[in-house]
């Protein structure tokens, strides 16, 4: 069922109005709270926009890595299962922590998260 | 009477009794910012007679309804503050501990109010000459060295647990156990814990550590440190736990090039420390504990997110803190890569 304007659009407009019309009127604690609200709206918008692409490139890279290292059998079909398999393999020493391919994968997974939660953090 | 003037009056009456004053008048009473977990109030009194006559600028610190697992109770915090103050640390002077909850409804203690500001934004953005910046940073080092002169056992601090093993190993086990108890995978944190375990420096000495000494918890007036605040996480640990936490990338508040809390350089911190302690600290040991600090802060953020997720304390601030974990994970990936490239770890020399 189509519902327009969609969620991401609503969030974008809500955040814009908050920034332009409300935030300039606030000080102190209320200003801090409004900034938190703006931040939450941004994250939610980016998360919705990112969820349009499935499976995400990061999830595909994760599953490919687990397959390549012979850990693919334990991974569930959802990304959460695959990430749990990875975390467990690291904790149990079944993957060499010094493996540069592991480090590259971890960077990719983290960068994907940051593009949603705080893209500015990657900027520098 | 408003609720807050009731509270102010109750506190004033209590202090009158403790000090043996003839009369106590409330000059001002306000809730202080900071501290999601404790309630802090500023209280200014005019006292006639008794042990503390005159105008007294005080802070009252009591439990807020929710707590965090690691933190000390108010009476324990008061004991730590007393020990630190007695050792010459610029902790706020602890005055009166009240364990009678009929006064305000909570256990509380009263301490002297320090001058200046602890606001990270103000401290990090303040205009300072190089000399002023270096002097302030050296003071941080001196203060930590002074605190670290307190060694176990100390009878008044017998509530602090002495880990049986090495401080780093005990932290690694604690964070790993925590991660394995939650329903969310964190491969980057597991990877960092593997690195921390493999690259541990030799066991150091046990000293009293503040464990949250950072920009945000130090009061500064002009270019001088006036007080170290928020002692609720103090415990016995390795001295570099405090130095690493202070230098962590997480607490630079936008001034990422200034290694010490967004304010100064590590060389000045370590120089101030060495001057006061009479011994040098290996900078690579500090870097190790900066990595530990990132993992610790990530687990704290996960705990805070869980307070929200479980419904225990629904809060946008707690929820957003949970979404900060990828930043710490990114910093871990960066810093471990840099340390590996620099040939870390250099084995520390003699025990620190």
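FYI, it's all coordinate maths here, none of it is from the lab. Note that the structure is a prediction, hence the values are computed from the model and not measured. Note: ideal-geometry Cβ built from the backbone for every residue, glycine included; neighbour counts use all protein chains shown.
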Taking the Cβ-Cβ separation of residue B:338 and residue B:203 as r and a Förster radius of 30 Å, what is the calculated FRET efficiency to the nearest 0.05? 0.75
Within 10 Å of each Cβ in B:175-182, the average number of Cβ atoms from other chains: 1
Principal axis lengths of the range B:191-331 from Cα atoms, whole Å, largest first? 50, 42, 29
Comparing A:108, A:92, A:49 in a Gaussian network model of chain A (Cα, 10 Å), the one with the largest mean-square fluctuation is A:92
Pop the C-beta distance of residue B:313 and residue A:67 into the FRET formula with R0 = 51 Å and round what comes out to the nearest 0.05. 0.80
With label points built 7 Å along Cα→Cβ from the Cα atoms of residue A:18 and residue B:70, find their separation and express it in nm. 2.9 nm
Which of B:17, B:228 comes first, and how do the rest follow, when ranked by fewest Cβ neighbours within 10 Å? B:17, B:228
Determine the shielding of peptide B:323-330 by partner chains: average, over its residues, the number of Cβ atoms on other chains within 10 angstrom of each Cβ. 6
Computed from the mean reciprocal separation of all distinct C-alpha pairs, what Kirkwood hydrodynamic radius does chain B have, in Å? 21.4 Å
Cα long-axis angle, helix B:325-341 against chain B (0 to 90 degrees, to the nearest 10): 50 degrees
For peptide A:90-99, the mean count of other chain Cβ atoms within 10 Å per residue Cβ is 4
Among B:49-55, B:18-24, how do they line up from the highest to the lowest mean number of other beta-carbon atoms within 10 Å? B:18-24, B:49-55
Subtracting the Cα-Cα distance of residue B:224 and residue B:149 from 0.36 nm times their residue separation yields 24.9 nm
Taking the square root of 5 times each eigenvalue of the Cα gyration tensor, what semi-axes in Å does the equivalent ellipsoid of the range B:255-352 have, largest first? 32, 16, 13
Would you calculate a helix-derived [θ] at 222 nm for the protein assembly as shown, using -39,500 (n - 2.57) for each DSSP H run of n ≥ 4 and dividing by the full residue count, to the nearest 500? -15500 deg cm²/dmol
Enumerate the whole-percent occupancy of each 20 Å bin, from 0 to the last occupied one, for all C-alpha pair distances of the protein assembly as shown. 21, 52, 25, 2, 0
Roughly how many Å is it from the Cα centre of the range B:289-347 to that of the range A:8-78, as a whole number? 18 Å
Values of log10 I(q)/I(0), in the order q = 0.14 Å⁻¹, for chain A under a Debye, Cα-only, solvent-free model: -0.76
Between residue B:32 and residue A:94, Cβ-based FRET efficiency (R0 60 Å, step 0.05) works out to 0.75
Where a label projected 7 Å from the Cα of residue A:40 along Cα→Cβ would reach, residues of the range B:308-332 with amide N under 11 Å: B:314-321
Does anyone have the angle between helix A:79-91 and the longest principal axis of chain A? Alpha-carbon axes, 0 to 90°, nearest 10? 60 degrees
Residue separation between residue A:7 and residue A:27 times 0.36 nm, minus their alpha-carbon distance, gives in nm 4.3 nm
What residue among B:214, B:151, B:198 has the largest mean-square fluctuation in a Gaussian network model of chain B, using Cα springs under 10 Å? B:198
Pick from B:162, B:219, B:328: which is most flexible by mean-square fluctuation in a GNM of chain B where alpha carbon atoms under 10 Å apart are linked? B:162
Just grab the label-to-label distance for residue B:102 and residue B:23, each label 7 Å out from Cα along the Cβ direction, in nm (one decimal). 2.7 nm
